[in-house]
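The values are calculated or read from the model by the stated rules, or taken from the named source; none is laboratory data. Note that the structure is predicted; figures quoted are calculated from it, not measured. As a convention, Cβ positions derive from the backbone with ideal geometry for all residues, glycine included, and neighbour counts pool all protein chains shown.
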Amino acid sequence: MSGEAGGYGSEVLSLFERLSREAEAGGYHLNPDRDLTLSLVAGLCKNQGRYGYMMCPCRLAFGEKEHDLDLICPCDYRDQDLVEYGACFCGLYVSNALIDGAIKPQVVPERRPSEYVLTGFLPVTKDVAPGKTVNTLLPVWRCRVCGYLCAREQPPEACPVCKAKKDRFERFSFSA
């Protein structure tokens with residue numbers, strides 16, 4: 001067993017097991033390359049100790065949670081990366097298509113807006129008065145099975161609530 005663990009401590013192995021269970025329960029998959037995945041999980045553990053949150057180990061952190069929120073694992077860009085490239089930026093999460101060999105591994109470009117990288121952060125929320133219409137840049141998808149809503153380019157591969165497949169999502173529109 002210690003050979004499989006690659007010398008990683010119990011904290012890393014425990015987080016690996018937890019992330020694996022949570023990923024599968026939510027319709028996601030950790031990278032089947034165990035050595036790579038354990039090294040990424042070790043980076044998450046290190047950043048948890050350093051910053052107090054699981055900052056993506058493949059990106060630079062500001063060290064202030066409010067400025068790093070979009071990069072706390074799983075990052076805001078994971079789902080779009082999975083849809084378009086079959087893996088997230090750091091490679092911790094992968095899609096069924098990549099696991100099955102339907103698509104080949106490829107370089108995932110950085111999605112974080114350059115304004116975040118150059119200036120620190122962009123405001124991501126605005127106070128909205130009750131009853132006011134909210135315009136979003138992303139389409140909103142609704143799971144027809146359980147009603148789960150998410151704002152993103154494409155619906156998730158599986159609903160994180162009821163596990164319904166992608167084809168059970170519909171485009172959702174707000175009405176007054």
> Among the residues of segment 147-173, which ones are assigned to a loop (DSSP other than H, G, I, E, B) and touching a helix residue (DSSP H, G or I) at 6+ places or on another chain (Cβ under 9 Å)?
Replying inline: 152, 153, 154, 155, 156, 157, 159, 160, 162, 163
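Here's the yes/no breakdown for (1) more than 23 Å from residue 151 (Cβ to Cβ); (2) at pLDDT 95 or above:
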site: 31; (1), (2): yes, yes
site: 56; (1), (2): no, no
site: 70; (1), (2): no, no
site: 77; (1), (2): no, no
site: 83; (1), (2): no, no
site: 92; (1), (2): no, yes
> Across segment 135-164, which residue is modelled with the lowest pLDDT among those that are of a type in the set (Val, Ile, Thr) and farther than 17 Å from residue 80 by Cα?
Replying inline: 161
>> Only one of 69, 19, 36 is among the hydrophobic types (A, V, I, L, M, F, W, C), surrounded by 19 or more Cβ atoms within 10 Å (Cβ to Cβ) and under 30 Å from residue 114 (Cβ atoms). Can you tell me which?
In response: 19
>> Can you confirm whether residue 91 is farther than 20 Å from residue 27 by Cβ, crowded, with 16+ Cβ neighbours inside 10 Å and of a type in the set (Gly, Ala, Ser)?
In response: no
>> Can you pull out every residue in segment 24-58 that is more than 16 Å from the chain's Cα centre (by Cα) and among the aliphatic types (A, V, I, L, M)?
In response: 36, 38, 42
